[in-house]
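Asks: First the structure, then my questions, so here it is.
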Amino acid sequence: MFRANESYLKLPGDYLFSEIAARIQAYGQRNPDKAERIVRLGIGDVTLPLAPSIVAALHGAVDEMAAAESFHGYAPDLGYDFLREAIAEADFAARGARIDSDEVFVSDGAKSDCANIQEIFSADARIAVCDPVYPVYVDSNVMAGRTGAYCTVTGLWSDVVYMPCTADNGFAPELPDADARVSLIYLCFPNNPTGATVTKRQLQAWVDYANEHGAVIVYDAAYEAYISDPELPHSIYECDGARTCAIEIRSFSKNAGFTGTRLGYTVVPRDLRDADGVSMRDLWARRHGTKFNGAPYIVQRAGQAVYSDQGRRETCEQVAYYMGNARIIREGLAQAGYEVFGGVNAPYLWLAVPDGMTSWQFFDTLLESVQVVGTPGAGFGPSGEGYLRLTAFGSRDSALEAVKRIQSM
Ligand code: PLP
């Protein structure tokens, strides 16, 4: 009889958002009159429609697909040059970072890349993650059999190095001890879930650490568009020496509303080589070519439109709209006496729950008493206990309404 992959069987419990959905559903069944009132600031999904320039590019590309002379079949595995060149120029060269277009690998989004990147590293690679953390980094390594045993009491894996991000360290992780022997470090700034950011000097210290200890940083910059402080780095390649130790993952989901359209990319520089001189860029190209058949032509044309003058203006306006929500939530909750972090250069707010409550208890309290939904911090890791994540991705009305209701509690 066949057997399932035993690494998959190690994955604990329900995915965080399934549990949240189940609690909302149960609440709605018990209180049908209040179900319609629920304001959802839980899942980090955008709500504004695609910008006009992006929609126009989609329409144009669909029309091309309708004519034999301009029809496109399989896309190049690694992405169309028109998009890779636009990315290399606008996201890197314009910020003083040297990334060639053939070091850019276009994909169907950052989630797949975050989950798949571990495949090109050795089975005994030791991973380090922030705690709390976007769950995909750890779960994909669990599936690959790299994380050891799970402790149901602590919620931690025996072979993973956790880097606590707490109010005491400004939600910026500290460098692991040298004897931790980490080889794959996942960092995400602006951070999901805490909304924290790092300065260029802080990020440079990570790059120096990785180069010194022979580690690789997987830098998830899915939220870089939300940075408004000119002192903060948008890309890890703004740091000296990052080309020999860093992979960067980007998404079109949150800067341009592509959560349902699907587009992202990963940068693997030529200079990133393992202990034997193996080119990680070439390995990723090999992996991509074997397992991925390219993002759709029409979607890559839409991605190109994001970099046009009009596309930039329109997507910046969308980001500004969400950041307006973030300000309303941050200031409104601070006025109500809550301690709130994030929400300045990030679309996430990290709310300290009232003393004596766990984050799930506070989640239930908000749902039951004012029908506002957030995400319990404990769902992102043990150091997330005591916090609730709120997102700025809803409508202006939902941000205003949520604040009004929480203030009334
Ligand atoms: N990385 C982080 C930190 C995220 O929060 C998300 C989505 O919420 C992703 C990656 C996934 O992005 P995409 O929609 O491009 O798959």
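The values are calculated or read from the model by the stated rules, or taken from the named source; none is laboratory data. This structure is a prediction, so every number in the text was calculated from the model and none was measured. When we count neighbours, we look across all protein chains shown, and the Cβ atoms used for this are built from the backbone with ideal geometry, even at glycine. Surface accessibility is based on the protein's heavy atoms, side chains included, excluding ligands, DNA and RNA. Shrake-Rupley method; radii C 1.70, N 1.55, O 1.52, S 1.80 Å.
Asks: Report the percentage of all Cα-Cα pairs in the stretch 221-281 whose separation exceeds 19 Å, rounded to a whole percent.
Replies: So the portion of pairs separated by more than 19 Å is 43 percent.
Asks: When the Cα centres of the stretch 224-303 and the stretch 36-79 are compared, how far apart do they sit, in Å?
Replies: So the separation of the two Cα centres works out to 19 Å.
Asks: Which value, in Å², gives the accessible area per residue of the stretch 125-223 when a 1.4 Å probe is used on the protein heavy atoms?
Replies: 36
Asks: Can you tell me the length gained on complete extension of the stretch Cys151 to Lys200, counting 0.36 nm per residue apart and subtracting the Cα distance?
Replies: Full extension of this stretch gives 14.1 nm more.
Asks: I've got another one for you. Which length gain, in nm to one decimal place, applies between Glu331 and Ala90 when the Cα-Cα distance is subtracted from 0.36 nm times their residue separation?
Replies: That pair, Glu331 and Ala90, stretches by 83.4 nm at full extension.
Asks: Right, another one. Using mean Cβ contacts within 10 Å as the protection proxy, how do 129-138, 280-289 order, highest first?
Replies: Peptide ranking by packing, descending: 129-138, 280-289.
Asks: Considering the alpha-carbon set of the stretch 106-250 alone, what are its Rg and its Dmax in angstrom?
Replies: 14.4, 42
Asks: Give, rounded to the nearest 20 debye, the magnitude of the charge dipole that the stretch 23-143 has about its Cα centre when Lys and Arg contribute +1 at Cβ and Asp and Glu contribute -1 at Cβ.
Replies: The dipole of the stretch 23-143 has a size of about 1000 debye.
Asks: For the stretch 182-268, what's the radius of gyration and Dmax over Cα atoms, in angstrom?
Replies: 12.9, 40
Asks: Between Thr365 and Leu9, what's the calculated FRET efficiency when r is the beta-carbon distance and R0 is 45 Å? Round to 0.05.
Replies: 0.85
Asks: Sticking with this structure for a sec: Would you mind giving the average projected area, over all directions, of the Cα convex hull of the stretch 119-175 in nm² with one decimal?
Replies: 4.4
Asks: Let me check against my output: what whole-number percent is the relative contact order of the stretch 265-359, with C-alpha pairs under 8 Å and at least 6 apart?
Replies: For the stretch 265-359, the relative contact order is 13 percent.
Asks: Hey, another quick one. Quick one: Cα centre-to-centre distance for the stretch 367-396 and the stretch 332-362, in angstrom?
Replies: Each part's Cα centre sits 8 Å from the other's.
Asks: Could you look at the stretch 330-400 and say what percent of its accessible area is carbon and sulfur, using a 1.4 Å probe and all protein chains?
Replies: Its accessible area is 49 percent carbon and sulfur atoms.
Asks: Over the chain, with a Gaussian network built from C-alpha contacts below 10 Å, which listed residue (Glu248, Glu231, Glu85) shows the highest mean-square fluctuation?
Replies: Glu231
Asks: About its Cα centre, what dipole magnitude does the chain give when the only charges are +1 on Lys and Arg Cβ and -1 on Asp and Glu Cβ, stated in debye to the nearest 20?
Replies: It works out to roughly 740 debye.
Asks: Right, another one. Between Lys34, Lys111, Lys200, which gets the highest mean-square fluctuation from a Gaussian network model of the chain, Cα cutoff 10 Å?
Replies: Looking only at Lys34, Lys111, Lys200, the biggest GNM fluctuation is shown by Lys34.
Asks: Contact order normalised by length for the chain, with contacts defined as Cα pairs under 8 Å and 6 or more residues apart; what percent is it?
Replies: Relative contact order here is 23 percent.
Asks: What FRET efficiency would be calculated for the residue pair Arg396, Cys316, taking the C-beta separation as r and a Förster radius of 22 Å, to the nearest 0.05?
Replies: 0.85
Asks: Same structure again: Taking a quarter of the surface of the Cα convex hull of the chain, what do you get in nm²?
Replies: For the Cα atoms of the chain, the hull's average projected area reads 22.6 nm².
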